[in-house]
1. Quick one: would you say SER394 is in contact with a Pro (Cβ under 9 Å, 6 or more places away or on another chain), among the small types (Gly, Ala, Ser) and more than 30 Å from LEU286 (Cα to Cα)?
2. ARG115 versus (1) within 29 Å of LEU217 (Cβ to Cβ); (2) at pLDDT below 90: which is the lone unmet condition?
3. Go through region 256-277 residue by residue and tally those that are part of a strand (DSSP E or B) and open to solvent by 20 Å² or more (accessible area, probe 1.4 Å).
4. Among (1) within 24 Å of ASP162 (Cβ to Cβ); (2) open to solvent by 50 Å² or more (accessible area, probe 1.4 Å); (3) out of contact with any strand residue (DSSP E or B) (no Cβ under 7 Å at 6 or more places or on another chain); (4) charged (D, E, K, R), where does ARG131 come up short?
5. So which of VAL406, VAL427, VAL397 is open to solvent by 50 Å² or more (accessible area, probe 1.4 Å) and modelled with pLDDT of 85 or more?
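The values are calculated or read from the model by the stated rules, or taken from the named source; none is laboratory data. This structure is a prediction, so every number in the text was calculated from the model and none was measured. When we count neighbours, we look across all protein chains shown, and the Cβ atoms used for this are built from the backbone with ideal geometry, even at glycine. What goes into the accessible areas is simple: the full protein's heavy atoms, side chains included, and nothing from ligands, DNA or RNA. Shrake-Rupley method; radii C 1.70, N 1.55, O 1.52, S 1.80 Å.
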Amino acid sequence: GAELWVWFQPTVTDVDKAWKELSNILSGIFCASLNFIDSTNTVTPTASFKPLGLANGTDHHLLRYAVLPREVVCTENLTPWKKLLPCGSKAGLAVLLKAERLFHSSYHSQAVHIRPICRDASCLAVSWELRQTLTVVFDTFSSGQGKKDWSLFKMFSRTLTDACPLASQSKVYVDISPKNKEKELLEVTPTPASVYEAIVQGDKRTYAVYDLLSPSLFNTSRSLNVQLKWKRPQDTELPTPVLHAQRYVSGYGLQTGEISTLIYNTHPYRAFPVILLETVPWYLRLYVHTLTIITKGKENKPSYIHYQPAQDRRRPHLLEMLIQLPANSVTKITIQFERALLKWTEYTPDPNHGFYVSSSVLSALVPSVIAMKDVDVEQSPLFTSLFPSSDGSSYFVRLYTEPLLVNLPTPDFSMPYNVICLTCTVVAVCYGSFYNLLTRTFHVEEPSRGGLAKRLANIIRKFRGVPPL
């Protein structure tokens, strides 16, 4: 899907008008369907999506958030995204962004973040920071015939030849963190010039660093093709994150149903709060009195709850809660709903496919097992920017669950076609028969007895013993 959230300046008088104009402008820039954002899918959260950078706004009326869960990322979205880069897709890391390879992956996501930051240490001047992120997941195990070995050329069908001339930094980080302290299991080629260790999301990671601006990197060859090989087969078991969640819809029939959200806290001894944001379309009428939060078989009362009921064809439901997650626990949140009947003009072109419900959003400061030092924060601005941490004991995580696909009562849209075909058939048969009866002329023909030649032929046939004509 597509997500858009904006904090407007306090000088903006009409926020709704500015929100509509901005969504239309971004729709044209990124060739996306953001112009379909309107009041039916826009909410104003009160606890989630706090401003970033220097914006310390507390008036949540300046915030707008919208999701289009049906939106699909495609090539026409990638092209304008690459044009925002300093060198486009002509040089640097962007040469790897080949559309036919990126969209052949298992997962693809791209984002653009804009925020105000200090231009210098004294913060006397303010600049605008534009950050572009691209996330791609390749299933090398399936495509590599059971092997987890990979390389840049294998994944992107291209290699790195040079750095972007306009870039002040251009580096490739390869995660070579040992599993169970067995460093000899994997081999990276070419040999990295430096190795960097950092605390990322509460875990100590080791990275092989390739600096594209280093002159010695391209001395031996004109291209850089990073390869990683495993010396012996590895198991496919992955470490479980501290915070993860899943969401599903249950029930039978086309009248009522239930939305369930499971939130997992796998930390062995630390509890922490999490903010849950639920946005449900208006045609799913929530029964708020059926809201239940169960943790370890007991009721878990939220510390903060904000609910804004929906209005038919005007705005969606908004539910925000602050929930405490005990250590090593699973919290189940359920709420029942009733399906509404839509007008026949409000259905999508493929109504039997179902209607999408946007993902739930979880925001939390997850406690870290390994503390991060202040010197690590100063030496690693890249990782602290991608994985922000309030202090050494926790790090911020914003998590999204799966979108839901809900079936609504759908009329038989083929009935008009059937009625037209049946009516035309009946009219053709009845009118055709009636028209033939009115216009056709019937004549009675008497059989002729034959002439003199026929009689002579029969006499000759009689003498020959042949049957007459």
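1. On the way: in contact with a Pro (Cβ under 9 Å, 6 or more places away or on another chain): yes; among the small types (Gly, Ala, Ser): yes; more than 30 Å from LEU286 (Cα to Cα): yes.
Judged against the criteria, SER394 is a match.
2. (1)
3. Number satisfying all stated conditions: 6.
4. Result: ARG131 passes all but (3).
5. Numbers: VAL406 fails: open to solvent by 50 Å² or more (accessible area, probe 1.4 Å); VAL397 fails: open to solvent by 50 Å² or more (accessible area, probe 1.4 Å).
The match here is VAL427.
To keep it simple, each residue is scored yes or no on (1) without any contact (Cβ under 8 Å) to a residue 24 or more places away in the chain; (2) open to solvent by 50 Å² or more (accessible area, probe 1.4 Å); (3) within 24 Å of ILE305 (Cα to Cα).
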site	(1), (2), (3)
GLU3	no, yes, yes
VAL6	no, no, yes
ASP14	yes, yes, no
LYS20	yes, yes, no
LEU26	yes, no, no
CYS31	no, yes, no
PRO45	no, no, yes
LEU52	no, yes, yes
ARG64	no, no, yes
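Here's the yes/no breakdown for (1) at pLDDT below 75; (2) among the β-branched types (Val, Ile, Thr); (3) within 26 Å of the chain's Cα centre (by Cα); (4) farther than 18 Å from GLN227 by Cβ:
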{"position": "LYS148", "(1), (2), (3), (4)": "no, no, yes, no"}
{"position": "LYS154", "(1), (2), (3), (4)": "no, no, yes, no"}
{"position": "LEU160", "(1), (2), (3), (4)": "no, no, no, no"}
{"position": "GLU182", "(1), (2), (3), (4)": "yes, no, no, yes"}
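Here's the yes/no breakdown for (1) open to solvent by 40 Å² or more (accessible area, probe 1.4 Å); (2) closer than 25 Å to SER170 by Cβ; (3) touching an Asp or Glu at 6+ places or on another chain (Cβ under 8 Å):
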{"site": "ASN77", "(1), (2), (3)": "no, yes, no"}
{"site": "TRP81", "(1), (2), (3)": "no, yes, no"}
{"site": "CYS87", "(1), (2), (3)": "no, yes, no"}
{"site": "LEU97", "(1), (2), (3)": "no, yes, no"}
{"site": "LEU102", "(1), (2), (3)": "no, yes, no"}
{"site": "SER105", "(1), (2), (3)": "no, yes, yes"}
{"site": "HIS108", "(1), (2), (3)": "no, yes, no"}
{"site": "VAL112", "(1), (2), (3)": "yes, yes, no"}
{"site": "CYS118", "(1), (2), (3)": "yes, yes, no"}
